[in-house]
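Beneath this line is the structure, given in structure tokens, with notes to follow.
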Amino acid sequence: MNVHCKKLSSLLVAFLLTVPPAVSMAAESTVTIADIHASPVTANKVFRDVGNHWAANAIYSMTQYGIISGYDENIFKPGNSITREELSALLARSFSLEWADMPEVTSYQDVQPDRWSASYIEAVKGIFPDPSIKEASAEFLPAAAVTREEFAVALVKVMGYSPQKLQNPDILSTSFRDVDKITEAYRNDIALAVELKLVQGQSGNMFAPQALISRAEVASLLYRAIQLSVQEEADLLKIVTLSIPEQTANGTFEISGSAPSGTIVVINGLAAKMEADGSFRMPLRMGQEGTYNIVAAVTVPQQRVRFIRKKITYQLADPQISVFGLSSVVTKNNVELTGKVSDPASELLPVFYIGDEEVSLNKYGEFYKKMDLEEGNNTFVLKAVTNKGRFATVTKVVKFSPPAPVLTISDIAKTTKSSTITVSGTVKDINDEDVEVYLNGEYLDVDDNLGTFSKTFTLSNGPNTITVSAQNKYSKISTVVKTIELTFD
């Protein structure tokens, strides 16, 4: 088996026909969490130049899988060719080959270490056909367009197939009229690709080995390869276990599993450290939110590389706001807003606001704020914002219904022979310290500290009505009416 096949890691995911430089992955030697290289899935994209193209189904299926993308302005350029360095990056990402971030010295004279594709080209060395069948070739020709035969060979090698698997050695000569045009060193690999239906010929029983392969053809052929791998994955899962969470709220997650002794597992370009009992654990981290494809390339001893495909969604959790013991209806003109704020995705506390005012939190994320109320409904919007820009709002409505003052009048006899009477009492109000008190419409002075009042009232002969009223600043009124009759012997 080709040594590079042992480097492969997960399914055909990260298929990007436009290939910008990759985000680097951290080395596991110094960290317990490695940065995983995977592109977020983007679905439902429509390309203006695909329309009813023969490869439209493959192109859009791969787009929905999050494997393929196009150019700016929603174009795909299906008829364009693909360069050797673009295909190198595509193969390295699609099959998650192991690659260094930037090699200090490359294997080719025409590939400098600072070239965006240098690490990919190194990764596919031994998989991607050399531009010359001579082993001493010192050039890679990164900008050269890829031919159909080069792609077929690369696909067979990257999928881990061995020429020994070929059942019909005459398949090329019986299928195509231009076999003599196929590079002799490539014929066994191409025969196997045809036999496995990884590639097919063109009209007129021609393989057209030297013709340039188009972006549409690459999309179609890789889509077919994914479809062919479905049953293989099911068979593989009978002897290999792989556990990946469906979602993470903070960008970190762990992949774990087990495999037969001697198995090689590479996950999105990172080789898993296998324990003696065949188990493995790999903590990973994603850089931004999205749904990611995870591809595990599994090489069981004496078998070719096969792939297990999974997806995981990284969605930051919104901060949480809890409000403690707040009544929806109160009679006091202020309320204490207390509660707790937290960010499930981080140990850092969010920034917290009540309305437009930032409110401080203690080290436990707890808050306390006394708020004045207006009569009627009072709406408070509580907002927490994390350092990642996630936010949560909680709206609380408190209805303030101010009560009338509590007015107490001292006992007054029903009859009296005295022409005067002293009316006294107390007034209390939980929201107003300056309640106004009136005796038969006449304003009375009220003691500011005790809330007491007293007034001597002259009676008329016969029945007398005494009305004492108290009014607070919310125009709530309490009234006490007493009747006393002045009599003479």
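The values are calculated or read from the model by the stated rules, or taken from the named source; none is laboratory data. Quick caveat: nothing in here was measured; it's all calculated off a predicted structure. Neighbour counts are summed over all protein chains in view; Cβ atoms, including those assigned to glycine, are modelled from backbone coordinates with ideal geometry. Just so you know, the surface numbers come from the protein's heavy atoms only, side chains and all, with ligands and any DNA or RNA stripped out. Shrake-Rupley method; radii C 1.70, N 1.55, O 1.52, S 1.80 Å.
Data for the structure
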quantity	calculated
Cα Rg, Dmax, the stretch 346-489, angstrom units	25.6, 91
Unsatisfied cross-links (Cα-Cα over 27 Å) in the set K332/K369; K311/K388; K197/K273; K273/K311; K45/K157	K197/K273; K45/K157
Area of D447 that stays accessible when all protein chains are in place (1.4 Å probe, Å², to 10)	60
³J(HN,Hα), Karplus 6.51/-1.76/1.60, whole Hz, each residue of the stretch 211-225, x for Gly, Pro	5, 6, 7, 8, 4, 5, 5, 4, 4, 5, 5, 5, 4, 5, 4
Relative compactness, the stretch 148-228, computed as alpha-carbon Rg over 2.2 N^0.38 Å	0.99
The stretch 195-312: radius of gyration over Cα atoms, expressed as a fraction of 2.2 N^0.38 Å	1.32
Average accessible surface area per residue within the stretch 243-349, 1.4 Å rolling probe, Å²	46
Phi-based couplings in Hz for the stretch 232-245 (Karplus 6.51, -1.76, 1.60; Gly and Pro marked x)	4, 5, 4, 5, 5, 5, 6, 10, 10, 9, 9, 10, 9, x
Counting all C-alpha pairs of the chain, share separated by more than 42 Å (%)	46
Separation between Cα centres of the stretch 406-427 and the stretch 163-189, rounded to whole Å	120
Anchor K77: aspartates and glutamates whose Cα lies under 16 Å away (excluding residues fewer than 8 positions away in-chain)	D49, E86, E217
Where Rh is the Kirkwood radius over Cα pairs, Rg/Rh for the stretch 271-361	1.28
Distance between modelled label sites at T393 and T338, nm, 7 Å Cα→Cβ extension	2.7
Percent accessible area from carbon and sulfur atoms, the stretch 207-288, protein chains only, probe 1.4 Å	50
Cut-off of 10 Å, at most 11 other beta carbons, DSSP loop: longest stretch of the chain lacking such GluC sites (Glu not before Pro)	375-489
Using a Förster distance of 35 Å, the FRET efficiency for Q167-N80 (Cβ separation, nearest 0.05)	0.50
Karplus (6.51, -1.76, 1.60) ³J(HN,Hα), θ = phi - 60°, over the stretch 292-301, in Hz, Gly and Pro reported as x	10, 8, 10, 10, 9, 8, 10, 10, 7, x
Antiparallel bridges, percent of DSSP beta bridges restricted to the chain (to nearest 5)	90
Cα pair distances in the stretch 344-393, grouped into 10 Å bins until the bin that holds the longest one, percent each	22, 51, 21, 7
Per-residue SASA entry for L349, accessible area with 1.4 Å probe, Å² rounded to 10	80
